[in-house]
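Peer 1: Can you read through this structure? Questions will come right after.
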Amino acid sequence: MNRNSFRLFFPVLFVSLLFTMISCQTTKETVTPDDEIERQLQKELEELEKKDSKKKISFAYDVEKIQQKNEYIDADISYPRFDDLTHLDDLNVIIENNVISYYEDFKNFAREANSDLVFEYKLNFKVTTSKKIVSVYTELYNFCGDDHGNIVLITYNYDAENKEFVDVNTVSGKSFAEIAELCNSMLKEKIIYSQEGMSIDEEEILADFIDGATIATGANFNIFTVDNKKIQIYFEPNVAAPFSYGIQTVEFDIK
């Protein structure tokens, strides 16, 4: 290449690069107003979906009551009915069916007993929740002439996200053997070891109660509730301790 040709090369190269840059600019995607509106709507939709996914599940409920008092029964019953917006229809049906059927059976028994006594039937409840599980604890007291009446506990634990009832193993992430060991040690600490002045005979009686109540089977741990990141396991009177000790509760953390 001679000197004159070399001088001509750079202007030609510059023009060529400039033309290429202009061509790239003109071939860029043209954004129309409609495209911009569609993109904005898509962005808003994605934001709404994110908010919905993070929205806390509602566990709102009303209190249903049944009260009856006559010559043979004195009843005062309360139980929850979850709002329609919670979509907890399965839970509502199970709770209401149990409450009504158990009460009708007891009422018929009281009527047919033909006793001078007025039989008592009291049912109350509490609701606790975690992120997606709602727990309903019901405590029934009935009296039909015996020394101290009876206390019956029933709990309902429902996964509102997956629409299913859950068991203690699923909620706690522990086997029956692990739950049994925890409950046994915590009950003994609470009822026996933390008490002063207890005789050896009393300790042995209480230990027998606790050992029997914490055998590693599902029937011993099916009365439980969830509250945030904790699980509570309940033992009716005369199960983990004599009746006079009342309801026993073990609580531990869950993941």
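Peer 1: List the pairs whose first member sits in segment 186-202 and is surrounded by 14 or more Cβ atoms within 10 Å (Cβ to Cβ), whose second member is part of a loop (DSSP other than H, G, I, E, B), and whose Cβ atoms are under 6 Å apart, counting only residues at least 6 apart or on separate chains?
Peer 2: LEU187/ALA240; ILE191/ALA241
Peer 1: So, one more: Take the conditions within 30 Å of VAL166 (Cβ to Cβ) and either open to solvent by 70 Å² or more (accessible area, probe 1.4 Å) or not β-branched (Val, Ile, Thr) (or both) and apply them to GLY246. Does it pass?
Peer 2: For GLY246, the condition - within 30 Å of VAL166 (Cβ to Cβ) and either open to solvent by 70 Å² or more (accessible area, probe 1.4 Å) or not β-branched (Val, Ile, Thr) (or both) - is met.
Peer 1: To continue, here is another question. Do you know which residues across segment 128-171 are closer than 24 Å to ILE66 by Cβ and among the hydroxyl-bearing types (Ser, Thr, Tyr)?
Peer 2: THR128, SER135, TYR137, THR138, TYR141, THR155, TYR156, TYR158, listed by residue number.
Condition check ((1) in contact with a strand residue (DSSP E or B) (Cβ under 6 Å, 6 or more places away or on another chain); (2) not hydrophobic (A, V, I, L, M, F, W, C)) across all residues:
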site: SER175; (1), (2): no, yes
site: GLU203; (1), (2): no, yes
site: THR214; (1), (2): no, yes
site: ILE233; (1), (2): yes, no
site: PHE252; (1), (2): no, no
site: LYS255; (1), (2): no, yes
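Peer 1: Working only within segment 140-153, note down all residues that are open to solvent by 50 Å² or more (accessible area, probe 1.4 Å) and either under 14 Å from THR214 (Cβ atoms) or not in a loop (DSSP other than H, G, I, E, B) (or both).
Peer 2: TYR141, ASN150, VAL152, listed by residue number.
The values are calculated or read from the model by the stated rules, or taken from the named source; none is laboratory data. Note that this is a predicted model, so its numbers are computed, not measured. Positions of Cβ are generated from backbone atoms using ideal geometry, with glycine treated the same way; all protein chains shown enter the neighbour counts. These accessible areas exclude ligands, DNA and RNA; they are computed on the full protein's heavy atoms, side chains included. Shrake-Rupley method; radii C 1.70, N 1.55, O 1.52, S 1.80 Å.
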